[in-house]
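Okay, structure first, notes after.
The values are calculated or read from the model by the stated rules, or taken from the named source; none is laboratory data. Here the structure is a predicted model, which means the values were calculated and not measured. Neighbour counts are summed over all protein chains in view; Cβ atoms, including those assigned to glycine, are modelled from backbone coordinates with ideal geometry. Protein only, heavy atoms only, side chains kept; ligands, DNA and RNA dropped before computing areas. Shrake-Rupley method; radii C 1.70, N 1.55, O 1.52, S 1.80 Å.
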Amino acid sequence: PDRRRDRGNVSVMFFFGAMLTFALIMAIAATGQKLIQRETLQDSADAAALAGAVVRAKALNFIAFCNLVDAALAAVFVILKGVAFGLQIFLPIASSLCSSHHYDYCAYIPHAQQVLQRYQTAGERMQQMMSTLAQGERTVAEIAPAMALAEAYKAGTDDAFQRNYGSGLSVQTIPGGA
């Protein structure tokens, strides 16, 4: 056997073995990086979903509160209308009794007219408040989906960007960013 021809074989085998080891390490690193990116993307999607859900929940809580206040205003409105209705019945009866010489009722008529006027004014104000509250409720119901989408977008994109590129930057500070 000629040893001179076999001398360089170990170097060539070492070179190919080192290249194979390096390629395996790079493949493992790339796979790890893809797993981290997938986890970051999932975290961003979760953050976006949570942010959107929080905004929607707050909007629904506001709407529920408006409904509660509206129910209380409606109850007061019904009471006001009931008292006003009772006074509207009382005034003609008191006037007829006063004209038929039952003077005890005559003293109550001016006071009852003032109370009736105040209750009617209060009823009109209650209707205005209920209308304003209903308009505010409709406005929140209309803009809540857009607010939830915007908050979800901000939470998802900004969180993903900072996890991938560091917390010193933001999507909003990059040219062409959100």
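So which residues in the range 8-34 are open to solvent by 100 Å² or more (accessible area, probe 1.4 Å) and within 41 Å of the chain's Cα centre (by Cα)? If the condition is that a residue be open to solvent by 100 Å² or more (accessible area, probe 1.4 Å) and within 41 Å of the chain's Cα centre (by Cα), then Gln33, Lys34 are the ones that fit.
With respect to Asn61, determine if the residue is under 14 Å from the mean Cα position of the chain (by Cα) and either among the acidic types (Asp, Glu) or assigned to a helix (DSSP H, G or I) (or both). Yes, satisfied. When every residue of the range 103-114 is checked against the conditions, none turns out to be at pLDDT below 90, of a type in the set (Ser, Thr, Tyr) and closer than 30 Å to Glu39 by Cα.
When the range 144-171 is filtered for residues that are open to solvent by 80 Å² or more (accessible area, probe 1.4 Å) and either at pLDDT 90 or above or within 22 Å of the chain's Cα centre (by Cα) (or both), the ones remaining, listed by number, are Met147, Leu149, Tyr153, Lys154. Per the listing Tyr103, Tyr108, the residue uniquely more than 52 Å from the chain's Cα centre (by Cα) and closer than 30 Å to Ala75 by Cα is Tyr108.
Glu137 meets each of the listed conditions (1) outside any helix (DSSP H, G or I); (2) touching a Cys at 6+ places or on another chain (Cβ under 6 Å); (3) not hydrophobic (A, V, I, L, M, F, W, C) apart from (1).
Candidates in the range 41-57 are the residues that are without any contact (Cβ under 8 Å) to a residue 12 or more places away in the chain and open to solvent by 50 Å² or more (accessible area, probe 1.4 Å); of these, the one that is farthest from Glu151 (Cα to Cα) is Gln42. Take Val76 and tell me if it is in a helix (DSSP H, G or I), under 30 Å from Thr121 (Cβ atoms), in contact (Cβ under 8 Å) with a residue 24 or more places away in the chain and out of contact with any strand residue (DSSP E or B) (no Cβ under 9 Å at 6 or more places or on another chain). So Val76 fits the description; yes. Considered as a group, the residues in the range 130-143 that are in contact with a helix residue (DSSP H, G or I) (Cβ under 6 Å, 6 or more places away or on another chain) and within 16 Å of Ala74 (Cβ to Cβ) include one that is surrounded by the most Cβ atoms within 10 Å (Cβ to Cβ), and that residue is Glu137.
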